[in-house]
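For reference, the structure is listed below as structure tokens.
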Amino acid sequence: MTSHDDAGRARWADDLQSLTRLEQLLMRYPKLDPAENREVGQLLVQTGPLDMGLLSANQAAWTQAERYRAENPHLFRMSVTKRLGLAALALLTVAIIWWLADIGLP
């Protein structure tokens, strides 16, 4: 990576330190100790879309991130609590629309 690329990364990254740490860990994956393995999972879950895009520019690290996701799918699934919350929100939305139609509002 050139110094120009580094300056651009620093300007656009939400959390450059975490992004750099994630790339370093991914380049050593799967030869990580258990604490580092958990750290990779936490960093991947917490990484925002912009930093994820910057990570994807590093093809080697991106390949390792995809491998990590494939080998640890349980870390990236939506929890039961969140699923129930979304279902409740959907039901509430339908109930409000039905109630509005019932009282005569379009």
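Observations, loosely collected:
- For Glu36, net neighbour charge (Lys/Arg +1, Asp/Glu -1) across residues whose Cβ lies under 12 Å away: +2
- Note on Ile97 and Ala57: the model spin-label points, each 7 Å out from Cα along the C-beta direction, lie 4.1 nm apart.
- Simple rule: put +1 on each Lys or Arg Cβ and -1 on each Asp or Glu Cβ in segment 2-75, find the dipole, and look at Leu44, Trp12, Met27; the Cα lying farthest toward the positive end is Met27.
- Matching label, Cα Rg over 2.2 N^0.38 Å computed from the structure shown, candidates [x] 0.97; [y] 1.57; [z] 1.03: [y]
- Estimated [θ] at 222 nm from DSSP helical runs (n ≥ 4, -39500 (n - 2.57)) normalised by residues in the chain, nearest 500: -24000 deg cm²/dmol
- Most to least accessible of Leu91, Leu26, Leu16 (protein chains only, probe 1.4 Å): Leu91, Leu16, Leu26
- Surface exposure of the chain, expressed per residue as accessible area with a 1.4 Å probe, stands at 72 Å².
- Among Ala35, Ala87, Ala70, the largest mean-square fluctuation in a Gaussian network model of the chain (Cα springs under 10 Å) belongs to Ala87.
The values are calculated or read from the model by the stated rules, or taken from the named source; none is laboratory data. These figures come from a predicted structure and were not determined experimentally. Counting neighbours? That spans all protein chains shown, and the Cβs are built from the backbone with ideal geometry, glycine included. Accessible surface is based on the protein model in full, side chains and every heavy atom, while ligands, DNA and RNA are left aside. Shrake-Rupley method; radii C 1.70, N 1.55, O 1.52, S 1.80 Å.
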